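Only the coordinates and a few stated rules stand behind these numbers; no lab work does. Computed from a predicted structure; not experimentally measured. Cβ sites come from the backbone with ideal geometry, for glycine too, and all protein chains shown count toward neighbours.
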Amino acid sequence: MEYKDLLKAHLKFGTTKEDIIKRKGYEKILENVVIAPCWKHDIFAKCGFEVEQVGEKVFNFYSNQISFSYIELNRIGAPAITDYILALGVTKCRNLIFLGSVGSLDENIKIGDLIVPKYSVCGDGASRYLNDNLEDEIFKKEYPSKEITDNLIEVFKEENIGYHYVPNFSVDSIFAQFYFIDKIVELGCKTIEMETANLFKCNQLININVTALFCVSDNTVLNKSLYSGRTEAEDEYRHKVRYEVVPKVVVKLFKKLNK
């Protein structure tokens, strides 16, 4: 399947590129874009940007040096990310950063740590809709774009910020994932979340610069899951990282890409 095939299918049933843009509120999407399933756009509140809401879920950030759009999904999982990512293919978007929380499957990756996925192993069902024959994608590796990911890692090194560059697993169910944790660890995955295998698969069609940045919210192998075990201090620390460190990294990355 190619992206043009998807667009032809839309047109067959009366939908144009302009209709897609309007449907998603993408009329004013900029070249640099951040997308986040759950994190609010206010993580950039202290960065000195002028902010304009230009769509139901889209906020544009402006400064003298850089500008970017922030898509605040308020939805989780691969089906949600599929529609919003594929629609970016008919916009001006050229650089995309995914921001979100991730669970650790390694004793040495702590709550609040920052993660750059080396690749994401597919554990979702939505990705099969990106294949001509609905072929299952289970356990296939999907990769972020090399150029933007290399630049992201350079930012961490230049700013002397710690991070982990590890294999990730994208799952469909938080509740049911625990039954399969041992299998996922056997695959070599060090973290687990719900969207990026699909995100990277979508990008094979729309072909923009895509990477992801996670903050660890829990650690299943240390009995500190989303359901139990986390301390108040750990929650406070990860929120501090989300609001103070992540925005700094994103802004520096966009500045580097815009040179």
Choice from Leu134, Leu73, Leu105 showing the highest fluctuation, given a GNM over the chain with Cα pairs closer than 10 Å: Leu134
Which chymotrypsin sites (Phe, Trp or Tyr not before Pro) does region 164-259 hold that lie in a coil by DSSP with at most 13 other beta carbons within 10 Å? Phe175, Tyr227
In a Debye calculation with equal point scatterers on the alpha-carbon sites of region 97-256 and no solvent, what is log10 I(q)/I(0) at q = 0.08 Å⁻¹? -0.22
Which longest run of the chain has no exposed loop site in it, a site being GluC sites (Glu not before Pro) in a DSSP loop with at most 16 other beta carbons within 10 Å, and the site itself not part of the run? 160-259
Cα gyration tensor shape of region 28-107, rounded if a/c is under 1.5, else prolate or oblate by comparing a/b with b/c: oblate
Solvent-free Debye scattering, log10 I(q)/I(0), computed from the Cα coordinates of region 15-170 at q = 0.11, 0.14, 0.17 Å⁻¹: -0.50, -0.83, -1.21
Counted charge near Val121, where neighbours are those whose Cβ lies closer than 14 Å (Asp, Glu -1; Lys, Arg +1): -2
Take the Cα gyration tensor of region 136-195, multiply each eigenvalue by 5, square-root it, and list the three semi-axes largest first, rounded to whole angstrom. 27, 14, 10
Express as a percent, rounded to the nearest 5, the fraction of DSSP beta bridges in region 3-257 (both residues included) that run antiparallel. 35 percent
Name the residue, out of Ser145, Ser67, Ser228, whose mean-square fluctuation peaks in a Gaussian network model built on the chain with Cα pairs under 10 Å. Ser228
Given the C-alpha centroids of region 169-200 and region 122-149, what is the distance between them in whole angstrom? 13 Å
For Ser145, net neighbour charge (Lys/Arg +1, Asp/Glu -1) across residues whose Cβ lies under 15 Å away: +1
